[in-house]
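Q: Submitted below is the structure of interest, expressed as structure tokens.
The values are calculated or read from the model by the stated rules, or taken from the named source; none is laboratory data. Model, not experiment: these values are computed from the prediction. Note: ideal-geometry Cβ built from the backbone for every residue, glycine included; neighbour counts use all protein chains shown. Protein only, heavy atoms only, side chains kept; ligands, DNA and RNA dropped before computing areas. Shrake-Rupley method; radii C 1.70, N 1.55, O 1.52, S 1.80 Å.
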Amino acid sequence: MTLQRQIGFWLACLAGFIVFLYLFSGVLMPFVAAIILAYLLDPIVDRLVKLGLSRLVATLLIMLLVTLAFVLVLLAAVPVLVNQLSSFIDKVPGYVSRLQVLIAEQGGPLIERFGGPERLKEVQAALQGGMGDAAKWAGGVLTSIISGGSTVVGLLSLLVLTPVIAFYVLLDWDHMVKKVDGWLPRPQAPVIRDLARQMDQTVAGFLRGQALLCLILGLFYAVGLSLIGLHFGFLIGIVAGIISFVPFVGSITGLLIGGGVAIAQFWPEYWWILAVIGVFGLGQFIEGNILQPKLLGDAVGLHPVWLMFSLLAFGSLFGFVGVLLAVPVAAAIGVLVRFALSQYMTSRLYTGSKPRDLDS
């Protein structure tokens with residue numbers, strides 16, 4: 001088979017896979033989550049197998065421990081989060097009204113001085129309309145997430161099916177890897193294996209490191225804001241930690257929401273507002289100078305801008321399934337692009353001459 005035919009064949013396979021994802025994205029979430037979970041747990045199972053346990057026993061043990069830990073976290077944290085979320089939705093209009101009053105009181109004289117009374121009225125009207133619409137939109141989204149039947153069904157299927165599917169995938173992981181390796185075209189198999197190894201290092205390093213980073217940051221923000229006495233501090237901190245897998249988004253979102261709540265709650269006691277800002281500032285310092293170098297290192301190879309684009313693009317195309325696939329696919333594309341660039345840099349397209357024989 002010529003190189004052109006091979007390229008055409010793999011491009012057709014890729015196109016078929018994308019169409020499959022698009023058509024069945026609504027039911028793929030537990031399967032994708034299970035595969036990612038099995039991928040993350042496979043090294044632990046391999047270590048237990050080396051210690052003398054059978055693959056079945058090691059898989060059962062790990063899945064039982066993970067499921068038990070997950071259930072304990074749900075029992076401990078979910079009731080608190082649900083209660084705080086429900087109360088937060090109810091109090092959002094009050095916070096918005098309070099912020100409007102504070103902005104009018106503190107900024108009104110300055111606006112009136114430079115723009116006149118008419119300008120002040122325009123700003124107040126625009127502010128009231130904008131903040132009111134934003135509050136209604138956020139409240140509607142949160143309410144629909146909580147009460148939506150499809151969301152509840154999807155969440156239940158995710159919680160129930162994911163551990164079961166992950167168990168079977170994890171049990172047969174090594175067999176599946178060997179099977180896929182047997183499908184590789186023999187002349188290109190060594191190169192593909194090397195690329196797969198690089199993808200594995202990138203994806204595994206990022207997923208494991210980022211998951212631990214989000215957990216530590218979420219607990220830090222939640223505890224710090226709760227100690228300050230911020231209303232819904234635990235909820236705001238956990239949410240900020242969870243979405244910290246997108247660079248800077250978690251801390252900025254937490255700062256905006258936490259800062260708005262702090263102003264409405266504590267003003268004019270500005271030192272408490274500064275304390276809330278300090279929690280997120282310290283968290284950002286710890287993330288950038290301690291957690292990221294230790295947990296992620298410099299070998300991950302995922303630029304923040306590329307990661308943000310991947311999350312938005314895959315999320316818009318395939319929904320939540322796309323969000324789950326965004327990081328592994330982005331890492332794989334990054335490895336392939338670097339490989340393609342290395343090939344280009346040694347080709348005649350770049351050098352303008354025939355590559356020199358290394359033996360000459």
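Q: Cβ-Cβ under 9 Å, sequence separation 6+ or interchain: first residue in the stretch 271-290 and within 10 Å of residue 259 (Cβ to Cβ), partner at pLDDT 90 or above and of a type in the set (Ser, Thr, Tyr). Which pairs?
A: These pairs meet every condition: 280/221.
Q: Among what's in the stretch 206-215 and is open to solvent by 70 Å² or more (accessible area, probe 1.4 Å) and touching a residue at least 60 places away in the same chain (Cβ under 8 Å), pick the residue that is farthest from residue 329 (Cα to Cα).
A: Among those residues, the one meeting the criterion is 212.
Q: Just wondering, is there one or more residues in the stretch 224-231 that are open to solvent by 50 Å² or more (accessible area, probe 1.4 Å), touching a residue at least 12 places away in the same chain (Cβ under 8 Å) and assigned to a helix (DSSP H, G or I)?
A: No.
Q: Working carefully through the options 276, 305, 261, find the one that is aliphatic (A, V, I, L, M) and within 30 Å of residue 22 (Cα to Cα).
A: Selected residue: 305, the only one of 276, 305, 261 that is aliphatic (A, V, I, L, M) and within 30 Å of residue 22 (Cα to Cα).
Okay, residues lined up against (1) at pLDDT below 80; (2) surrounded by 13 or more Cβ atoms within 10 Å (Cβ to Cβ):
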residue	(1), (2)
55	no, yes
59	no, yes
65	no, no
68	no, no
73	no, no
78	yes, no
90	yes, no
93	yes, yes
99	yes, yes
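Q: Looking at the stretch 189-202, which of the residues that are of a type in the set (A, V, I, L, M, F, W, C) and open to solvent by 10 Å² or more (accessible area, probe 1.4 Å) is farthest from residue 251 (Cα to Cα)?
A: So, considering only residues that are of a type in the set (A, V, I, L, M, F, W, C) and open to solvent by 10 Å² or more (accessible area, probe 1.4 Å), the one farthest from residue 251 (Cα to Cα) is 191.
Residue-by-condition table, conditions (1) out of contact with any Leu (no Cβ under 9 Å at 6 or more places or on another chain); (2) of a type outside the set (Asp, Glu); (3) in a helix (DSSP H, G or I); (4) crowded, with 18+ Cβ neighbours inside 10 Å:
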{"position": "176", "(1), (2), (3), (4)": "yes, yes, yes, no"}
{"position": "179", "(1), (2), (3), (4)": "yes, yes, yes, no"}
{"position": "204", "(1), (2), (3), (4)": "no, yes, yes, no"}
{"position": "237", "(1), (2), (3), (4)": "no, yes, yes, yes"}
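Q: Further question on the same structure: Go over the candidates 98, 47 one by one and state the one that is among the basic types (Lys, Arg) and in contact with a helix residue (DSSP H, G or I) (Cβ under 8 Å, 6 or more places away or on another chain).
A: 98
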